[in-house]
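First comes the structure, then the notes that go with it.
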Amino acid sequence: QVLSDVFNAPVYTIDTANSACLGSAYRAIHGLVAEMNVSLADVVKLAPEPRLAVTPTAGAEELYRPLLKRYAELEQKVIYNPTSSC
């Protein structure tokens with residue numbers, strides 16, 4: 001629920017062990033076949049069907065939007081000036 005609220009997006013799951021690893025594997029396969037103009041959608045056609053787990057809580061976007069903006073600003077500071085203190 002937290003991910004859904006913070007990013008104001010629905011969260012889907014698949015009924016597969018180590019699904020994050022599976023996603024990485026699909027991306028790796030896509031990278032290998034990219035020169036053949038194969039889309040990521042074509043690569044994952046055989047993936048298990050995702051299931052909607054949660055949707056954003058009403059009003060959560062107003063709370064998290066300014067925090068995400070601040071986080072992005074701090075991240076840029078670290079990337080472009082890693083020795084400065086935040």
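The values are calculated or read from the model by the stated rules, or taken from the named source; none is laboratory data. The shown structure was predicted, so the numbers you read here are calculated from the model rather than taken from an experiment. Positions of Cβ are backbone-derived with ideal geometry, glycine not excepted, and every protein chain shown enters the neighbour counts. Heavy atoms of the whole protein, side chains included, go into the accessibility calculation; ligands, DNA and RNA do not. Shrake-Rupley method; radii C 1.70, N 1.55, O 1.52, S 1.80 Å.
Listed values, structure above:
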quantity: Contact order relative to length of the chain, as percent, for alpha carbon pairs under 8 angstrom and 6 or more apart; calculated: 42 percent
quantity: Solvent-accessible area per residue, Å², over the chain with all protein chains present [probe radius 1.4 Å]; calculated: 80 Å²
quantity: Tensor-based shape of segment 21-62 (alpha-carbon gyration tensor, a/c under 1.5 rounded, otherwise prolate or oblate); calculated: prolate
quantity: Dipole magnitude (debye, nearest 20) for segment 1-77, charges at Cβ of Lys, Arg, Asp, Glu; calculated: 140 debye
quantity: Accessible surface of the chain [probe 1.4 Å, protein heavy atoms]: carbon and sulfur percent; calculated: 61 percent
quantity: Peptide ranges 70-76, 20-26 listed from the most packed, as the mean C-beta count within 10 angstrom indicates; calculated: 20-26, 70-76
